[in-house]
Amino acid sequence: MEGLHRRVKAVLGPTNTGKTHLAIERMLAHSSGIIGFPLRLLARENYDRMVARKGAKNVALITGEEKILPPGARWYSCTVEAMPLDRPAEFVAVDEIQLCADPDRGHVFTDRLLHARGLVETMFLGAETIRPLLQRLVPDAIVETRPRLSELEYSGPVKLARLPPRSAVVAFSAGEVYAIAELIRRRRGGCAVVMGRLSPRTRNAQVALYQEKEVDFLVATDAVGMGLNMDVDHVAFASLSKFDGHQVRGLAAPELAQIAGRAGRGMRDGSFGTTGDCPPLGLDLVQAVEAHSFEPLSYLCWRNSELDFSHVDALLATLNAAPPRPGLVRGNDASDFETLSALARDPDTRQLARGRPRVRLLWEACQIPDFRKLADETHNRLCARVFSHLAREGGVPTDWIAGQISALSRGDGDIDTLMQRLAGVRVWSYIAARADWVADAPHWQGRAREVEDLLSDALHERLIARFVDRRAAHLIRRLEAAEGEELLSAVTRRGEVAVEGHHVGHIGGFRFVPDPIAEGEQKRLVLRAARRALRQEVPRRVAALEAAPGSSFDFAPEQRIAWQGAPVARLRPGPAAIRPLVEVLESEFLDGPMRERVRVRLQLWADELIRRDLRPLLQAAEHADHAADLRGPLHRLVEHLGVVPGPADMITATARARLKLLGVRAGRYALFVPDLLKPRAMALRARLWALRHGLAVPDLPSPGLVSLPAGPDWPPGFAADLGWLEAGPVLLRLDVAERAGAELAWLTRRTPAALPAGLASRFSLAEEKLPPVLRCLGFRVLPAGTPDPGQFGPPSPVMIASIRRRHAAPTDRRVSRPYEGPFAALGCLDLS
């Protein structure tokens, strides 16, 4: 009977077998019990479940940094490290017992396996892989294997944007978690985030966000694999390797199965796969996970628990003792051992740690958890100071605790800053929980909990602000739920398109621009709902465009025509440069008749604009049919949009006079319409010129300029066709050059004349640039003469002379012209 009453039972099997539920039911059936979990989060979760069953006064919570100990507590939910094994209990259980093989924490689980026993019943819960070693080390244990309640199936690689709802994406670093969470926010509306560094309060708030379906996705580290029960249908691995605190290594098959097993709870089947840049899983690995068949553990990690506190060196020696039996090995050096080794090298600490009580006290101080993991001496110094206070003063000063906790009581900062503060307050929660170290420990525990709650709430809000778009998530979920149904949709006066009360995009002109809240199937659903609203809106817009005044239209880049600021059509070359055609931009909401109505209205606007801005040219062209001698020049003028570069030598004096009456000037340097050099007409001519040549519209100079530096970034021929004359180092506006050229030609018609004052300023030039400019216009500058010795009087002024051509046209002998022909460019050289 004695063996029956103290029976040891191991309940083994994969995830979702109901092991933890069984253990809690068994514990609560006894008059007292202690159960140890691998994570503080799990201890807290199951503490809440036990309180709901038995009441807060009967249930205790003990973790490293949190202790809730009612005086009459009978059932205890703990972390494995914090299990109060000095308290007798009818029932003792340890969850995830396969962690005995973990190199960092395994020695604690192994110690519980070998020594933790209930007065009536002991239960170990874990994976089937520990069975052989468990039976060898605990031969009297009864082993029960429980099958998984649902099937787990591999679904292969899936893109992040195509993951099914109720998916958990698993990554193994904070950077990966953040990057994936932000991508899911942009594409799918947002996600909850679960990491081991979160406090229970933050973690519960994030899980509630997921469980209450405010978001459909969860991004987590491998902390999700340790018994956190959520409604996950699919687990996607974003990576198959992790940093375990010592090195980057690949996931072992049982680790992968432990995480994948979070998919499908109860009788609902689940699936697992990969996503992002993670390669597909191998066939052997997939079969092992689906069948829950893995190689058994070959060793368990062990550390001596029978310690010698007679001296610091004796303590280190017993901690370094070799395992006593096969199947047990030493794991990695734990944080407490590394801290003790570091403090043992400090002469002051060694001097202070004399005698068994002091050595035991030093060991307890070294067991303060290093939650901050700063990779420097900060934690060692903290433990040394705590030990010094305990040894010299009998306790930790409360003013020091108060100052440290207050320094952490700040809710500002980003996610990483808040998590680092949470790690810091966890350290002080652990210290404050030691009633034998701290005076008025309950007060300081409460103060630390207040700060942790403050930081937890702030962290939860930061996570939501960064990784959740509630509006988008709700809309996407509503669209998926309403597949096949009509959704409420409307268009506001400002063109915003709303579906089910949510803004999903806007309409510009006749094109719908969706918000980037969904991809793939979700985007298709958004477009479908938006089309319903736009089927009524687009005909109304077509009618509004037809009735719109010309001032509501304008040109946009790429030869487009904009209405109310949105492109609706484009120009394309027509039968003549001044007769471009209008082409309506593609829109799925415009049918053939509506497109034609839009085209007709915009063609009318474009024609009216050309008639208004190019009126002088068009009025002159109307006389071509009535005057045969003007037909050729006017036809060329229309083809060249109002400017035909080059001297108009072939036009007779009579024709020149008649052209002048029509507003056309046959000048020394071009045949042109002066009124078309005004800014508005010049802008339209530039657009039509670019359309004819298939080029982008070049940038034009500011209105009012009469000269530009030579060589602007313009296509070849653009300057001359637009009305700018190349004159050596500058471009001169054609009408200015013509007026100046005519005046100088008259001035120098017989002999050289004095250079007119202010000529450089008329051209907006520096004086030194004037000679080469004039040479290109057909004149040369004669330097001022110097009086000979013995002569008196002022020096002769700077003179200007016409550069005569040997073969001038007979009708033009009364005016001088610049050089023409293959050597004309030499005339622009400054040879003075």
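The values are calculated or read from the model by the stated rules, or taken from the named source; none is laboratory data. Since the structure is predicted, the reported quantities are computational estimates derived from the model, not experimental observations. Here the Cβ positions follow ideal geometry from the backbone for every residue, glycine too, while neighbour counts run over all protein chains shown. All accessible areas refer to the heavy atoms of the entire protein, side chains included, with ligands and DNA or RNA removed. Shrake-Rupley method; radii C 1.70, N 1.55, O 1.52, S 1.80 Å.
State whether the residues of the stretch 739-750 include one that is touching a strand residue (DSSP E or B) at 6+ places or on another chain (Cβ under 7 Å), open to solvent by less than 40 Å² (accessible area, probe 1.4 Å), part of a helix (DSSP H, G or I) and under 30 Å from P797 (Cα atoms). So that I can check it myself, show each step before the final result.
Initially, the stretch 739-750 is screened for residues touching a strand residue (DSSP E or B) at 6+ places or on another chain (Cβ under 7 Å), giving 744-745, 747-748.
Right, trim to open to solvent by less than 40 Å² (accessible area, probe 1.4 Å) and you get 744-745, 748.
Narrowing the set further to residues that are part of a helix (DSSP H, G or I) leaves 744-745.
Now narrow it down to the ones that are under 30 Å from P797 (Cα atoms): 744-745.
Yes: one or more hits.
If you scan the stretch 249-274, which residues turn out to be farther than 16 Å from L99 by Cβ, open to solvent by 30 Å² or more (accessible area, probe 1.4 Å) and among the charged types (D, E, K, R)?
Within the stretch 249-274, R249, R265, R268, D269 meet the criteria.
Name the helices (runs of 4 or more DSSP H) wholly inside the stretch 601-710 in which the number of residues that are open to solvent by 20 Å² or more (accessible area, probe 1.4 Å) and acidic (D, E) is 2 or more. Full working, then the answer.
On the way: elements: 615-621, 628-639, 653-661, 679-693.
In the stretch 601-710, 628-639 are the helices (runs of 4 or more DSSP H) which contain 2 or more residues that are open to solvent by 20 Å² or more (accessible area, probe 1.4 Å) and acidic (D, E).
Looking at the stretch 755-786 only, could you name the residues that are within 59 Å of the chain's Cα centre (by Cα) and touching a residue at least 24 places away in the same chain (Cβ under 8 Å)?
R762, F763, S764, L765, K769, P772, V773, C776, listed by residue number.
Table: residues versus (1) surrounded by fewer than 21 Cβ atoms within 10 Å (Cβ to Cβ); (2) at pLDDT below 95; (3) touching an Asp or Glu at 6+ places or on another chain (Cβ under 6 Å); (4) over 25 Å from A252 (Cβ atoms).
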{"site": "L4", "(1), (2), (3), (4)": "yes, yes, no, yes"}
{"site": "A10", "(1), (2), (3), (4)": "no, no, no, no"}
{"site": "T15", "(1), (2), (3), (4)": "no, yes, no, no"}
{"site": "G33", "(1), (2), (3), (4)": "no, no, no, yes"}
{"site": "G64", "(1), (2), (3), (4)": "yes, yes, no, yes"}
{"site": "V80", "(1), (2), (3), (4)": "no, no, no, no"}
{"site": "P84", "(1), (2), (3), (4)": "yes, yes, no, yes"}
{"site": "E96", "(1), (2), (3), (4)": "no, yes, no, no"}
{"site": "D104", "(1), (2), (3), (4)": "yes, yes, no, no"}
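Starting from residues that are open to solvent by 20 Å² or more (accessible area, probe 1.4 Å) and β-branched (V, I, T), keep the ones in the stretch 553-600 and report whichever is modelled with the lowest pLDDT.
I578
Tell me the strands (runs of 3 or more DSSP E) entirely within the stretch 185-277 that contain at least 2 residues that are closer than 23 Å to D469 by Cα. Quick ask: steps written out before the conclusion?
Working: elements: 192-194, 217-220, 234-237, 241-243, 248-250, 270-274.
Correct list: 192-194, 217-220, 234-237.
Kindly indicate the residue of the stretch 168-215 that is more than 20 Å from F237 (Cα to Cα) and among the charged types (D, E, K, R) and also surrounded by the fewest Cβ atoms within 10 Å (Cβ to Cβ) among those meeting that condition.
Restricting to residues being more than 20 Å from F237 (Cα to Cα) and among the charged types (D, E, K, R), the top hit is E212.
Among the residues of the stretch 339-360, are any closer than 18 Å to D308 by Cα and of a type in the set (D, E)?
no
Open to solvent by 70 Å² or more (accessible area, probe 1.4 Å), modelled with pLDDT of 70 or more and aliphatic (A, V, I, L, M), is that true of A435?
Details: open to solvent by 70 Å² or more (accessible area, probe 1.4 Å): yes; modelled with pLDDT of 70 or more: yes; aliphatic (A, V, I, L, M): yes.
Yes.
Tally time: how many residues in the stretch 13-68 are assigned to a helix (DSSP H, G or I), of a type in the set (S, T, Y) and under 23 Å from R434 (Cβ atoms)? Steps first, please.
Within the stretch 13-68, the subset assigned to a helix (DSSP H, G or I) is 19-29, 40-54, 56-58.
Retained after the next criterion (residues that are of a type in the set (S, T, Y)): 20, 47.
Pick out the ones that are also under 23 Å from R434 (Cβ atoms) and you get 47.
The number of residues fulfilling the criteria is 1.
Please pick out the residue among A720, A686 that is under 20 Å from G741 (Cβ atoms) and either touching a Cys at 6+ places or on another chain (Cβ under 9 Å) or of a type in the set (G, A, S) (or both). Can you show your working first?
Numbers: A686 fails: under 20 Å from G741 (Cβ atoms).
It is A720.
Please enumerate the residues belonging to the stretch 597-611 that are farther than 17 Å from A562 by Cβ and either touching a helix residue (DSSP H, G or I) at 6+ places or on another chain (Cβ under 9 Å) or among the aliphatic types (A, V, I, L, M) (or both). Please lay out each step first, then the result.
Here is the first cut: in the stretch 597-611, the ones farther than 17 Å from A562 by Cβ are 597, 600, 607, 610-611.
Selection gives R597, V600, I610, R611.
For the stretch 768-783, state whether one or more residues are touching a Phe, Trp or Tyr at 6+ places or on another chain (Cβ under 6 Å) and modelled with pLDDT of 90 or more. Talk me through it step by step, then tell me what you get.
As a first pass, look at the stretch 768-783 and keep what is touching a Phe, Trp or Tyr at 6+ places or on another chain (Cβ under 6 Å): none.
No, every residue in the stretch 768-783 fails to be touching a Phe, Trp or Tyr at 6+ places or on another chain (Cβ under 6 Å) and modelled with pLDDT of 90 or more.
Just one of (1) closer than 17 Å to G667 by Cβ; (2) over 60 Å from the mean Cα position of the chain (by Cα); (3) modelled with pLDDT of 90 or more trips up A808, so point out which.
Checking A808 against (1) closer than 17 Å to G667 by Cβ; (2) over 60 Å from the mean Cα position of the chain (by Cα); (3) modelled with pLDDT of 90 or more, the one that fails is (3).
If I filter the stretch 108-161 down to residues being under 20 Å from S298 (Cα atoms) and among the basic types (K, R), which single residue comes out as least open to solvent (accessible area, probe 1.4 Å)?
Filtering the stretch 108-161 for residues that are under 20 Å from S298 (Cα atoms) and among the basic types (K, R), the one least open to solvent (accessible area, probe 1.4 Å) comes out as R112.
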